[in-house]
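What follows is a short report on a single structure.
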Amino acid sequence: MKSRNAFTSTEGMPKIGFQSDIEEEEEEKNSRPSPAEIRKRAFEIHIERGGIHGCDLDDWLQAERELQEKYRNSEKGAKKN
């Protein structure tokens, strides 16, 4: 039987959910890049490109794709072990 727990969401509002739902949500958060990671990689891409302005969205999207792929690959490796 699933146990019910109250927990606080990232928005600060209390949420009621089943324990397995809470664990799945936490696992999902850990399986994708954070905005801070994406921002850092996007800045690195910006610098690698020579610091040319006007491509911030392209840099962000490229960083997001790269990091999502990295997380997918590391998740696949963890599941094999």
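If we scan segment 65-77, do we find a residue that is surrounded by 12 or more Cβ atoms within 10 Å (Cβ to Cβ), more than 14 Å from the chain's Cα centre (by Cα) and at pLDDT 95 or above?
no
For segment 1-51, name all the residues that are modelled with pLDDT of 65 or more, out of contact with any helix residue (DSSP H, G or I) (no Cβ under 8 Å at 6 or more places or on another chain) and not in a helix (DSSP H, G or I).
Residues satisfying the conditions are SER34, GLY50, GLY51.
The values are calculated or read from the model by the stated rules, or taken from the named source; none is laboratory data. These numbers come from a predicted model, not from an experiment. Here the Cβ is made from the backbone with ideal geometry for all residues, glycine too, and neighbour counts use every protein chain on show.
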